[in-house]
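Student: Got a structure here, written out as structure tokens. Questions coming.
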Amino acid sequence: MTQISILGCGWLGLPLAKKLIERGNSVNGSTTSENKLSILKEVGINSFLVTLESESISESITDFLTKSEILIIDIPPKLRGNNPDTEKKVFVAKIENLIPFIEQSTAKKVLFVSSTSVYGNENNIITEQTTPNPDTESGKQLLSAEALLQKNKQFETTILRFGGLIGEDRHPVKTLSGKENLENPDAPVNLIHQTDCIGLIYEILYQSKWGEIFNAVAPFHPTREMYYTEKATALNLPLPKFSPEQSQIKRIVSSEKIETSLKYQFDLKNY
């Protein structure tokens, strides 16, 4: 049995913890909401109330990390872009604040959930060898946070960069439905379903793939117009209407490394 700590038991962290427990692991899980502590406990998670700020961190962080061999960091930057000056480096500062506690803990393996937003709007086929060039504040801070974790010699870090997240309760078509003059109709989609997110994390842990970077996007890249029109039709939603102008973005994120290194097969019926 492996002791694993998941910092952030939300949309992804909670079902991930359930799977890890089902596979015989012991999981410490954190939440920032006192109301969610009982939800975590009900599924067998050792629950902790942990608040990570740029200048402080809950005292419970030490107990949260106690005896854990692996730490999974799944906390989004949550930058809204309304106050770029005040938001600048806030997420990076949180990771800087967390690192000394990882160093003092038994956790020697770290998996950091990041995003393909670190590549910006690169018009090309993107692989793990592509030089990141983020054009959003969240992308910039994720990239800086990745570097902080990777350069630390007291633990090994694997970076998992997810594409657009979808699931049964989460899909961009619900936001796009009924809207008009949407941009980039022939831009390819770069998505990953929650079940594949969980499956990939499990395989990284099971196969001990540490010190790596993985781009996590399903090998499924229809155009935005085709995909979201078909999805809206399937869900009986008002159809989105796209601009007739050709797309400027032709970005495709390659999943080749995941498919070859992890031997992972995506469940494309979920898309």
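Any read-out appearing in this document is the output of simple, stated calculations on the displayed coordinates, not a laboratory observation. These numbers were taken from a predicted model, which means no experiment stands behind them. Neighbour counts are summed over all protein chains in view; Cβ atoms, including those assigned to glycine, are modelled from backbone coordinates with ideal geometry.
Student: For region 99-231, which semi-axes, largest first and in whole Å, follow from the square roots of 5 times the eigenvalues of its Cα gyration tensor?
Tutor: For region 99-231, the ellipsoid semi-axes come out as 31, 17, 13 Å.
Student: Among Asn190, Asn35, Asn133, which one shows the biggest mean-square fluctuation in a GNM of the chain, springs joining Cα atoms closer than 10 Å?
Tutor: Asn35
Student: Take Ser38, Ser105, Ser261, Ser5 and order them by how many other Cβ atoms sit within 10 Å, fewest up front.
Tutor: Ser38, Ser261, Ser105, Ser5
Student: How high is the FRET efficiency between Thr260 and Asn124 when r is their beta carbon distance and R₀ equals 22 Å, given to the nearest 0.05?
Tutor: Step by step, r from the Cβ atoms, then E = 0.65.
Student: Counting only other residues whose beta carbon sits under 11 Å from that of Ser261, what net charge do I get with K and R as +1, D and E as -1?
Tutor: Residues close to Ser261 contribute a combined charge of -2.
Student: Gaussian network model of the chain, Cα springs within a sub-10 Å range: biggest mean-square fluctuation belongs to which of Tyr227, Tyr119, Tyr206?
Tutor: Judging by the Gaussian network model, the answer is Tyr206.
Student: Further question on the same structure: If you rank Cys197, Cys9 by fewest surrounding Cβ atoms within 10 Å, what's the result?
Tutor: Ranked by crowding around the Cβ, least crowded first: Cys197, Cys9.
Student: Now, a different point. Of the DSSP beta bridges with both residues in region 128-271, give the percent that are antiparallel, rounding to the nearest 5.
Tutor: 20 percent
Student: Among the trypsin sites (Lys or Arg not before Pro) within region 126-159, which fall in a DSSP loop and have no more than 13 other Cβ atoms within 10 Å of their own Cβ?
Tutor: Lys153
Student: Right, here's the next one. Anything over 18 Å Cα to Cα? Flag those among Lys67/Lys108; Lys94/Lys140; Lys109/Lys153; Lys209/Lys269; Lys109/Lys151; Lys108/Lys153, in the order listed.
Tutor: Lys209/Lys269, as the Cα separations exceed 18 Å there.
Student: Highest GNM mean-square fluctuation, the chain, Cα pairs closer than 10 Å: which of Glu137, Glu34, Glu128?
Tutor: Fluctuation is largest for Glu34.
Student: Around Ser105, with a cut-off of 13 angstrom between Cβ atoms, what is the net charge of the other residues, counting Lys and Arg +1 and Asp and Glu -1?
Tutor: Local charge sum for Ser105: 0.
Student: Spin-label point model (7 Å from Cα, Cβ direction): what's the Thr175 to Ala234 distance in nm?
Tutor: 2.0 nm
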